[in-house]
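What follows is one structure encoded as C-alpha cells, with my remarks underneath.
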C-alpha cells in the first residue's frame, strides 16, 4: 500500500506538486519563523481533551463541543457563525468597545494559555471581519506567538498541540480563522 502511494506521488503532474508547495508557502508567509512547527507537536492532542470542562469555559461553551472540535479533530470546524449566536461573547466585546479597555484576550480551552489578544487594531474591525467570515479572524499582530504554532498545511495549534483552526490568507496577509470553542478558556487566575 505504501509503495502505491509513493508511485502515485510521482505520477502526479508537476504543476500539482508545485501547487502543493505554493499552498504551503502561502500558509507560512508572514508567520514568524519560530512559530512554524511540524506534525510531532500534535502527539498530545487527545490528552488535552481531559483538561476541558464546561466550568472552565467562557461564553457558555460546552466542553463536549470543545473536545470534539479542538482535541479530536484536525480538519473540521465548529458551525459557521457560532460567535454570532453567543450572546455572552457579543456582550463582552460590546462592553470592551463601549468604554472597556478596548481589547480582549483569548485563552486556549485546555491549558488556558493566552493565544490571541486583540489590542493592536479596533475591536470593531475584529468583530466585523469575524462576522463576515463566520469565525473569529485574527491577524499576525493579534497572536501571542509564544503559545501558538502554525503547521506546514496552515493548521493553527497551541504549543501543546490543541487544534485552534487554520491560516486562510487573504489580500491583507495571514488570517487565522479560529474556532471560538477552542479559545474559550478563562484566564488562569479566574
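Worth a mention:
- Highest-first arrangement of 107-116, 76-85, 138-147, where packing means the average Cβ count within 10 Å: 107-116, 138-147, 76-85
- Relative contact order of segment 2-183, taken over Cα pairs closer than 8 Å and 6 or more residues apart, is 27 percent.
- Here the translational diffusion coefficient of segment 2-183 follows from Stokes-Einstein with Rh set to the Kirkwood radius across Cα pairs; for 25 °C and 0.890 mPa s it amounts to 143 µm²/s.
- Additional length obtainable on full extension of the chain from residue 75 to residue 44, 0.36 nm per residue less Cα span: 9.5 nm
- Span per principal axis, largest first, for the Cα atoms of segment 85-182 (Å): 39, 32, 25
FYI, it's all coordinate maths here, none of it is from the lab. Predicted, not measured: the structure shown is a model, and the values here were computed from it. Counting neighbours? That spans all protein chains shown, and the Cβs are built from the backbone with ideal geometry, glycine included.
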